[in-house]
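The structure appears right after this line, and notes come after that.
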Amino acid sequence: MPIHKVMVIGGGVMGRGISRLIAATGIGVLLMDLNQQIVKQSLESIEEEMDAEIKKWGLTKSEKKAILSRIKGATDLEQACDCNMLIEAIPEDLALKQELFKKLDKLCAEKAIMVTNTSTLSVTEIASVATHPEKIIGMHFLPPVTKVPVVEIVRGLKTAKNTFEIIKKFAEEQLNKTVVSVYEYPGYVTTRVIVPLLNEAMYVLMEGIASAEDIDTAMKLGYGFNVGPLALADMMGLDEVMSWMENLLKELSEHKYNPCPLLRKLVRAGHLGKKTGQGFFKYDEDGNKIEEAISFVKW
């Protein structure tokens, strides 16, 4: 089944990245959110992100123009009926996702594959509210979506083999991603492994063992990471990272997933990382790191 039009539901960091990735392949995208103002802001953010890349010679103006021409805004979920793939990228909340998939199932399950971008929740549980759970599957993209070359494909208990094969082919041949097929389990591979690392880096900072900059430098140079753990958490969004930890803690009851108090403090203060201009580091308008925001080193 060729994918000719995709609706991405949720205009946050992941929804914008997924929309841009798909549009760059020549496929039309409807980026849908709750109201026109949010949609407008999301489209503007995509344009700003591409402008920043153009400044760094990572993208051309003609490529930007072509990509933007394929992304249209939407606020009416019924427009999903014109698409043969629907990708959910809303907040990591089981009840919200179930409510959405229940609506999508009624609207267009007969002719569309429904994808969740969840990073910690059960695809089977999300699909349990639908009458066509065989059409529901997980595609876990990692940020930045347009640059990270891997995607995890997660089958729920009732996901059809044909659904998996279509999505695998789409990811490999159209999105040019390396596919990792995983069995459904909380956190899958990438989230389950990275979350304890991020959490421990936060504890090291909170306990005054080293500065945020030095922690990231140690991990980058010591273990070949492209990005340090604290800058990575900022990039992912500290509210998202905390929700992953809380979901894994609830599912697995292991203390290593209990969010560091420093992370909780930052989220409560609204310092969510790069998207708000401050997290463990501060960022300029183009998202470039400019200085440490927090340091508890007691020298």
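Every number here is computed from the coordinates shown, using simple stated rules; none is lab data. Owing to the predicted nature of the structure, the values given are computational and were not obtained by experimental measurement. For neighbour counting, all protein chains shown are included, and Cβ atoms are generated from backbone atoms with ideal geometry for every residue, glycine included.
Counting pairs of alpha carbon atoms under 8 Å apart in space and at least six apart in sequence, what relative contact order in percent does the chain give?
On the way: 527 pairs, mean separation 39.9, N = 299.
Averaging sequence separation for qualifying contacts and normalising by length gives 13 percent for the chain.
Quick one: which residues, 5 or more positions from residue 73 or on another chain, have an amide H under 5 Å from its amide H? H modelled 1.01 Å from N in the peptide plane, none for Pro or chain starts.
31
Round to the nearest 10 and give me the degree value, 0 to 90, for the angle of helix 238-252's Cα axis relative to the longest principal axis of the chain.
80 degrees
From Cα coordinates alone, what are the radius of gyration and Dmax values for segment 83-131 in angstrom?
9.9, 27
Please list the non-local residues whose amide H lies under 5 Å from the amide H of residue 88, H modeled 1.01 Å from N, same-chain partners needing a gap of 5 or more.
9, 115, 116, 117
Give me the distance between the Cα centres of segment 241-299 and segment 130-145, rounded to whole Å.
If you average the Cα positions of each part, the centres end up 26 Å apart.
Counting Lys +1, Arg +1, Asp -1, Glu -1, what net charge surrounds residue 30 among other residues with beta carbon under 9 Å of its beta carbon? Don't jump to the answer; show the numbers that get you there.
On the way: positive: 5, 72; negative: 82.
Result for the local shell: +1.
Working from Cα positions, state the angle (0 to 90°, nearest 10) between the long axis of helix 212-223 and the longest principal axis of the chain.
Here the helix axis deviates by roughly 70 degrees.
Over the Cα atoms of the chain, each weighted equally, I'd like the Debye log10 I(q)/I(0) at q = 0.07, 0.08, 0.13 Å⁻¹, rounded to two decimals.
Each listed q corresponds, in turn, to -0.27, -0.35, -0.94.
What are the residues whose amide H is under 5 Å from the amide H of residue 59, where those residues sit 5 or more places off or on another chain and H is modelled from the backbone?
Result for residue 59 returns 54.
Around residue 287, under 12 Å between beta carbons, what's the net of Lys plus Arg minus Asp minus Glu among the other residues?
Details: positive: 55, 56, 274, 275, 282, 289; negative: 48, 49, 51, 53, 234, 284, 285, 286.
Value of the local net charge: -2.
Angle check, please: helix 190-206 long axis (alpha carbons) against the longest principal axis of the chain (alpha carbons), in degrees 0 to 90, nearest 10.
The helix 190-206 is inclined about 20 degrees to the chain.
What does the net charge come to around residue 18 if you take all other residues with beta carbon closer than 12 Å to its beta carbon, with K and R at +1 and D and E at -1?
Charge balance in the 12 Å sphere: +2.
Which value in deg cm²/dmol, rounded to the nearest 500, describes the helix-derived mean residue ellipticity at 222 nm for the chain, given -39,500 (n - 2.57) per DSSP H run of n ≥ 4 and division by the residue count? It would help to have the intermediate numbers written out before the result.
Working: 11 runs with 130 residues, N = 299.
-13500 deg cm²/dmol, from helical runs alone.
How much of the calculated P(r) for segment 190-292 lies past 18 Å, in percent of all Cα pairs?
Value for segment 190-292 (Cα pairs over 18 Å): 43 percent.
Kirkwood Rh over alpha-carbon pairs of segment 94-166, then Stokes-Einstein at 10 °C and 1.306 mPa s: what D in µm² s⁻¹, rounded to an integer? Intermediate results must be reported in sequence, preceding the final value.
Details: Rh = 12.4 Å.
Using the Kirkwood radius from Cα pairs, D works out to 128 µm²/s.
HN-Hα J couplings of segment 271-279 from phi, Karplus 6.51/-1.76/1.60, θ = phi - 60°, integer Hz, Gly and Pro as x?
In residue order, the calculated couplings are 8, 9, x, 4, 5, 10, x, 7, x Hz.
Based on a Kirkwood Rh over C-alpha pairs, give the Stokes-Einstein translational diffusion coefficient of segment 129-256 at 10 °C and viscosity 1.306 mPa s in µm²/s. The partial results should precede the final answer.
Values: Rh = 16.4 Å.
Diffusion coefficient, whole number: 97 µm²/s.
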